[in-house]
Structures are given as C-alpha cells and as structure tokens.
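Q: Following this message is one structure expressed as structure tokens.
The values are calculated or read from the model by the stated rules, or taken from the named source; none is laboratory data. All figures in this text were calculated on a predicted structure; none of them were measured in a lab. Every residue, glycine as well, gets a Cβ built from its backbone with ideal geometry; the counts of neighbours run over all protein chains shown. Side chains included, ligands, DNA and RNA excluded: accessible areas come from the protein's heavy atoms. Shrake-Rupley method; radii C 1.70, N 1.55, O 1.52, S 1.80 Å.
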Amino acid sequence: MTSTPTVQTSGPNKAPNILLVMADQLAAPALPAYGHRQVLAPHLDTLARQAVVFDSAYCNFPICAPSRFSMLSGRLPHAIEAYDNASEFPAATPTMAHYLRHAGYRTILCGKMHFIGPDQLHGYEERLTTDIYPADFAWTPDWTKGPGHRPTGVSMRPVVESGPCIRSMQIDYDDEVEYRAVQRLHDLARAPEQQPFFMTVSFTHPHPPFVAPQRHWDLYPHEAIEPPRVGEIAYEDLDEHSRWLYVAHAQNLYTVTPEHVRNARHAYFAMISYVDEKIGSVLRTLKETGLADDTVVVFAGDHGEMLGERGMWFKQCFFEWSARVPLMVSMPRRFQPARVAAHVSLVDLLPTFLDLASEARRVEAVDALDGRSLLPLLTGTEDGAQGNPARTVISEYSSEGVCAASRMVRQGRHKYIFTRGLPPLLFDLQADPDELDNLAGRPEWAEVEAALHQRLVQDWEPEGVHQRILASQRRRLFLAEVTGSSSLYPNWAYQPFTDESKRFIRGSGAAGPTSVKARARFPYVEPVKPDR
C-alpha cells in the first residue's frame with residue numbers, strides 16, 4: 001500500500017543544498033529497503049526510514065553513460081543522441097549542473113560520471129576526481145558485426161573469477177571518492193558563502209567484477225547465499241533480445257556452475273555492504289558539520305544488475321533487475337518519510353531540482369524536458385499510487401550487445417518492450433512480477449498492447465532511430481581508428497587539479513600560522529585574547 005507524504009512546514013524557507021549520491025549497477029531488488037532478505041546495508045536502511053522511497057523507479061537506459069547523460073539533461077537518451085557507452089555528451093547540452101549554477105548554486109562533482117568527449121565538466125564548477133572509464137570513442141559498438149562484437153571485452157570472467165580480495169581498482173577509486181567528498185563537505189561547512197551547493201558523489205561499486213574486501217565478504221555465510229529467484233532459462237526459450245545478450249556476454253564460451261553463481265552473488269552482496277559504508281561516511285559528515293538540516297539528500301542508482309536472474313548477468317535489458325533502480329529523497333524537516341508506488345525515472349530529477357532551486361532563483365529550462373518534477377509526490381499533492389495515469393516511464397537501449405534499437409514503456413501494471421525487427425514483449429507485473437508470461441500477440445490483450453505501442457512510437461520512430469544509430473557508429477568507429485593510431489591521440493580523461501598554493505600554511509602573513517590553523521577548526525572557536 002502506498003502511504004501519502006505530507007509537507008513539513010518547519011524551518012526557514014530557503015533554497016536547500018542538494019546532495020546527489022549515486023551507486024553504479026545497484027539493482028533496487030538487491031537492497032533491504034526494497035525487500036531483500038540477506039543484503040546488509042544499514043546506512044541505506046537508515047536513509048530509507050528518513051526518506052520518500054520510490055518503489056517503482058527506473059533508469060532511462062540500462063547502461064552507464066547514456067543513463068547518466070539522460071539523467072543530467074532531463075531528456076530521453078535518443079533525444080540527445082546518447083546511443084551507447086561511447087556516445088559523446090555534447091557541451092551544448094544543458095545539464096542540472098548548468099541550471100543549478102545559474103540559480104546560484106556551487107556545483108561540485110566527485111566520482112564517476114562517464115562523460116564522453118572533451119567536455120569533462122558539463123556545468124560542474126569543480127570536479128574532485130578523475131573518472132574510472134575512458135572518455136573517448138574506443139567502446140563504440142558495431143552492429144554490423146552482430147551481438148558477438150564486444151568492444152569492452154565483456155565476458156563471463158567476472159562471474160567465474162568472483163570472490164574476496166585485498167584490493168581492486170574499484171576499491172582504489174571509491175576510497176578516493178569517499179575521501180574527496182568528505183573533505184569537500186568539511187570545506188563547504190567552513191565556507192558558508194559557497195552555499196547553497198549541489199554536490200554529486202558517485203561511487204563505482206557494486207559494478208562488476210564481482211570482488212569484495214574480505215571483511216565485507218565475511219559478513220555473509222557463504223552457504224546461506226540465496227540463488228536467483230528465477231533460474232536459468234534455456235537458450236531456445238529466450239526472447240531474441242536475451243539471445244543476443246547471451247552471445248554478447250560470451251555465455252556460449254564459458255561454463256558457469258552453481259558455485260560460480262553463488263560466489264558472484266556473495267561478492268555482489270558484499271560490494272553493496274562496502275559502498276553502503278562509503279555512503280554512511282558521507283552522510284555522517286553531512287550531519288556532523290550541521291549541513292544536514294539544510295540539505296536534500298537524493299540517493300539513486302544508474303541502472304541495475306541481473307545477477308543471475310533468468311541465467312542473465314550485467315544489464316542491457318528491460319527486465320526488473322536490470323532497469324529498476326533505487327531512488328530515495330530525504331529531507332525529514334520538509335518531506336514526511338513515505339513509500340511512493342507511482343512510476344518515476346531518473347529524467348524526473350532535473351525538473352525536481354529546478355523546483356527546489358526556484359526558492360532562490362527561478363530558472364526555466366531552455367529545452368523541453370522529458371521528465372516531470374517529483375515535488376508533488378514528495379509533498380503529497382499528487383497521487384502516489386502505481387496507477388497514476390500521469391506517470392509513465394520510458395526507457396531505451398541501443399548500446400553494445402544488441403543489433404537494433406529498443407524501447408520500453410512502463411505504465412500502470414504493464415510493461416511493454418519493443419525492439420526493431422523483433423516480436424514485442426508485454427508483461428502484467430502485478431500478476432507476473434517475474435516477467436515469465438509474454439502477453440504480446442494474444443487477442444485478449446490486443447487493446448492494451450495497441451495503446452502501449454502507440455505511446456512507445458509517439459515520439460520514437462524505430463527505423464529512423466535505427467539508421468541514425470548506424471550512421472553515428474560509422475562516424476565514431478572511423479574517428480576511433482584514425483585517432484587511435486596517432487601519437488597525438490586526444491586523451492580526454494579528466495585531470496583533477498588541487499591548488500596547493502592556498503592550502504595549509506603558506507608564509508607567515510600578518511596573522512601568523514596560529515591564526516590560519518584556528519580558522520580551519522570546525523566549529524570555529526573565537527580566539528582567546530591575552531590577559532595582558
């Protein structure tokens with residue numbers, strides 16, 4: 001049952017700080033806040049108890065870069081030509097960072113965002129870390145080579161090699177993200193003139209490979225790890241899109257045993273516990289510095305992870321474990337904690353932030369946005385039920401692993417999936433939450449299918465989209481070939497810079513080192529004057 005949020009009226013009426021915290025490849029069904037019985041994520045549990053939790057939130061593209069570009073711009077991926085993990089995010093595309101900066105916010109990015117192209121800021125004034133993945137065209141898909149073409153080298157190795165570790169590249173990265181984010185929050189607390197702020201903290205866990213620190217691995221008894229709810233589906237019984245992914249993920253080249261599945265799931269659970277600690281550290285700092293009361297905290301994932309459900313892994317499809325993401329919005333002084341069942345998606349965040357920022361300075365979007373503000377759902381002025389007709393979600397896919405563009409419509413109790421050239425899929429998620437009974441093509445469901453198909457093609461023409469994607473791939477494959485063979489290869493990877501000329505103590509100055517150290521103390525303590 002959906003509980004109804006009510007607005008909180010206490011506190012000053014001013015534009016709040018906004019802290020957007022993200023986890024990579026975190027499936028909503030894997031979190032205890034969404035009903036998982038084994039995963040340990042105490043900090044996210046605490047946040048959920050203090051938040052408006054969206055039970056039916058979706059990404060708009062189930063792979064990293066296009067999902068994030070779409071979220072930042074408030075527009076559906078194909079509208080901004082975000083076709084795959086090597087699509088350039090143009091500098092001319094306004095983002096939530098641009099809009100909030102225009103509204104007077106300090107805009108800061110810490111962690112992964114997977115920008116492709118020479119613009120590595122996209123409206124953020126500061127970027128505290130580099131990215132973890134390439135910023136060039138190297139990962140451009142080539143549909144003409146079929147689903148077995150794997151520009152990223154994806155395979156079942158992360159599954160069959162899963163287990164505990166002492167250190168990993170992702171631990172290196174997320175340890176740095178945590179440190180930089182915590183330090184910057186302390187700096188913001190000591191510099192009220194830099195408020196309001198919009199800060200994005202984006203971790204790369206629990207993205208595969210499935211390896212986790214031993215301490216987090218040991219939180220879970222190995223033999224107790226639950227298997228997937230839906231077991232492996234035979235290749236001949238898969239839909240064609242899933243068959244493409246079977247080949248794309250090299251499942252035809254590796255033998256995956258039940259113990260491999262258990263190891264990978266064990267590691268994924270442990271990785272969630274690891275990143276939960278990092279998120280807890282950031283939120284604890286927000287509270288300790290006194291910033292929490294004036295800050296809206298938004299927690300989201302960029303897409304999910306199939307984690308062996310149906311025998312499938314990773315993402316790139318529209319099944320619930322791949323496309324549904326956690327989404328929580330917390331500011332208890334303003335929004336009553338609640339659960340909302342209405343369908344929402346990541347493109348709804350930008351218009352939500354514009355509504356929040358309008359208390360300082362009204363900023364109008366310069367492009368037509370595809371999302372709708374969540375503020376009416378947060379305050380209880382809009383129906384939060386699943387059947388809310390105003391809340392329809394669109395998600396798209398056209399990256400590696402497939403050979404044609406796909407689109408999904410989530411409306412009411414139904415999910416409709418269409419891939420150019422393939423038979424459609426239609427599921428009634430209320431009666432069939434595991435998406436095992438395809439209703440498409442059945443006479444008794446013809447009316448529902450026709451209505452959803454009409455919505456799907458309302459602003460999306462499959463053949464035209466398909467041809468534009470092929471043309472984009474040809475251009476970028478050509479450019480990757482030319483620049484990749486050059487000694488002047490354009491490396492767009494972000495290089496973070498810290499101005500060390502103004503940190504710590506630099507020269508005695510008029511006040512001397514004692515005064516400099518005193519100003520860095522938080523909370524600030526007025527200097528004690530000498531007795532004589």
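Q: Give the residues of segment 36-45 that are farther than 21 Å from Asp434 by Cβ and either touching a residue at least 60 places away in the same chain (Cβ under 8 Å) or outside any helix (DSSP H, G or I) (or both), sorted by residue number. If you could, list the steps in order and put the result at the bottom.
A: Residues of segment 36-45 farther than 21 Å from Asp434 by Cβ: 40-45.
Those that are farther than 21 Å from Asp434 by Cβ and either touching a residue at least 60 places away in the same chain (Cβ under 8 Å) or outside any helix (DSSP H, G or I) (or both): Leu40, Ala41, Pro42, His43, Leu44.
Q: Tell me, which strands (runs of 3 or more DSSP E) lie completely within segment 284-364 with 2 or more residues that are closer than 23 Å to His205 by Cα?
A: 295-301, 327-330
Q: Please work out which one of (1) more than 23 Å from Lys315 (Cβ to Cβ); (2) assigned to a loop (DSSP other than H, G, I, E, B) is the condition Cys110 fails and give its number.
A: Going through (1) more than 23 Å from Lys315 (Cβ to Cβ); (2) assigned to a loop (DSSP other than H, G, I, E, B) one by one, Cys110 breaks only (2).
Q: Still on this structure, I have one more. From the list Asp302, Asp367, Asp355, pick out the single residue that is open to solvent by 10 Å² or more (accessible area, probe 1.4 Å), acidic (Asp, Glu) and either out of contact with any Leu (no Cβ under 7 Å at 6 or more places or on another chain) or under 18 Å from Asp24 (Cβ atoms) (or both).
A: The match here is Asp367.
Q: A follow-up question, please. Sort out which residues of segment 480-507 are assigned to a loop (DSSP other than H, G, I, E, B), hydroxyl-bearing (Ser, Thr, Tyr) and modelled with pLDDT of 80 or more, and write them in order of number.
A: Tyr494, Thr498, Ser501
Q: What residue, of Leu253, Leu219, is modelled with pLDDT of 95 or more, open to solvent by 70 Å² or more (accessible area, probe 1.4 Å), of a type in the set (A, V, I, L, M) and within 21 Å of Ile171 (Cβ to Cβ)?
A: When all the criteria are applied, what remains is Leu219.
Q: Would you be able to say whether some residue in segment 184-195 is polar (S, T, N, Q), surrounded by 16 or more Cβ atoms within 10 Å (Cβ to Cβ) and not in a helix (DSSP H, G or I)?
A: Yes, segment 184-195 contains a residue that is polar (S, T, N, Q), surrounded by 16 or more Cβ atoms within 10 Å (Cβ to Cβ) and not in a helix (DSSP H, G or I).
Q: Just to be sure I understand, how many residues within segment 379-395 are surrounded by fewer than 19 Cβ atoms within 10 Å (Cβ to Cβ) and in contact with a His (Cβ under 8 Å, 6 or more places away or on another chain)?
A: The number of residues fulfilling the criteria is 1.
Q: Another one. State the number of residues belonging to segment 396-420 that are within 22 Å of His466 (Cβ to Cβ) and open to solvent by 40 Å² or more (accessible area, probe 1.4 Å).
A: Count: 1.
Q: Still on this model: Looking at Ala79, Ala48, which is the one that is more than 20 Å from Ile394 (Cα to Cα), open to solvent by 10 Å² or more (accessible area, probe 1.4 Å), at pLDDT 95 or above and not in a loop (DSSP other than H, G, I, E, B)?
A: Of Ala79, Ala48, the one residue that is more than 20 Å from Ile394 (Cα to Cα), open to solvent by 10 Å² or more (accessible area, probe 1.4 Å), at pLDDT 95 or above and not in a loop (DSSP other than H, G, I, E, B) is Ala48.
Q: Okay, next question. Quick one: would you say Ala33 is part of a loop (DSSP other than H, G, I, E, B), modelled with pLDDT of 95 or more and over 15 Å from the mean Cα position of the chain (by Cα)?
A: No.
Q: Follow-up question, since we're still on this one. Val282: open to solvent by 40 Å² or more (accessible area, probe 1.4 Å) and in contact (Cβ under 8 Å) with a residue 24 or more places away in the chain, yes or no? Quick ask: steps written out before the conclusion?
A: Numbers: open to solvent by 40 Å² or more (accessible area, probe 1.4 Å): no; in contact (Cβ under 8 Å) with a residue 24 or more places away in the chain: yes.
No; evaluated as a whole, the condition is false for this residue.
Q: Could you check how many residues of segment 110-150 are under 23 Å from Glu81 (Cβ atoms), of a type in the set (A, V, I, L, M, F, W, C) and open to solvent by less than 40 Å² (accessible area, probe 1.4 Å)?
A: Residues meeting the conditions: 6.
Q: Report yes if Ser273 is among the small types (Gly, Ala, Ser), modelled with pLDDT of 95 or more, crowded, with 21+ Cβ neighbours inside 10 Å and out of contact with any strand residue (DSSP E or B) (no Cβ under 7 Å at 6 or more places or on another chain), otherwise no.
A: yes
Q: Which residues, taken from segment 113-130, are touching a strand residue (DSSP E or B) at 6+ places or on another chain (Cβ under 9 Å), assigned to a loop (DSSP other than H, G, I, E, B) and on the phi < 0 side of the Ramachandran plot?
A: Selection gives Met113, Gln120, Leu121, Tyr124, Glu125, Leu128, Thr129.
Q: Another one. Suppose we filter segment 197-249 for residues that are part of a loop (DSSP other than H, G, I, E, B) and more than 26 Å from the chain's Cα centre (by Cα); how many remain?
A: Within segment 197-249, residues that are part of a loop (DSSP other than H, G, I, E, B) and more than 26 Å from the chain's Cα centre (by Cα) number 8.
Q: Taking the stated definitions as given, is Arg167 outside any strand (DSSP E or B), more than 25 Å from His98 (Cα to Cα) and either at pLDDT below 95 or out of contact with any His (no Cβ under 7 Å at 6 or more places or on another chain) (or both)?
A: Yes.
Q: Quick check on segment 410-418. Is at least one of its residues in contact (Cβ under 8 Å) with a residue 12 or more places away in the chain, more than 24 Å from Val344 (Cα to Cα) and out of contact with any His (no Cβ under 8 Å at 6 or more places or on another chain)?
A: no
Q: Return the only residue of Tyr179, Tyr173 being more than 16 Å from Phe314 (Cα to Cα), open to solvent by less than 30 Å² (accessible area, probe 1.4 Å) and part of a helix (DSSP H, G or I). If you could, list the steps in order and put the result at the bottom.
A: Details: Tyr179 fails: open to solvent by less than 30 Å² (accessible area, probe 1.4 Å).
Checking each option against the conditions leaves just Tyr173.
Q: Still on this model: Which of the residues belonging to segment 514-532 are assigned to a helix (DSSP H, G or I) and of a type outside the set (A, V, I, L, M)? Step through it out loud before you land on a result.
A: Going through segment 514-532, the residues assigned to a helix (DSSP H, G or I) turn out to be 514-520.
Matches in segment 514-532: Thr514, Ser515, Lys517, Arg519.
Q: Can you tell me which residues in segment 431-452 are in contact (Cβ under 8 Å) with a residue 40 or more places away in the chain, open to solvent by 60 Å² or more (accessible area, probe 1.4 Å) and either closer than 21 Å to Gly421 by Cβ or aliphatic (A, V, I, L, M) (or both)?
A: Step one: filter segment 431-452 for residues in contact (Cβ under 8 Å) with a residue 40 or more places away in the chain, giving 433-436, 438, 452.
With open to solvent by 60 Å² or more (accessible area, probe 1.4 Å) added as a condition, the list becomes 433, 436.
Answer for segment 431-452, where residues must be in contact (Cβ under 8 Å) with a residue 40 or more places away in the chain, open to solvent by 60 Å² or more (accessible area, probe 1.4 Å) and either closer than 21 Å to Gly421 by Cβ or aliphatic (A, V, I, L, M) (or both): just Leu436.
Q: Among the listed residues Pro376, Pro423, which satisfies the condition of being without any contact (Cβ under 8 Å) to a residue 12 or more places away in the chain and open to solvent by 30 Å² or more (accessible area, probe 1.4 Å)?
A: The match here is Pro376.
Q: For segment 52-85, which positions are of a type in the set (A, V, I, L, M) and over 17 Å from the mean Cα position of the chain (by Cα)? Reasoning before the result, please.
A: First, pick out the residues of segment 52-85 that are of a type in the set (A, V, I, L, M): 52-53, 57, 63, 65, 71-72, 76, 79-80, 82.
Correct list: Val52, Ala79, Ile80.
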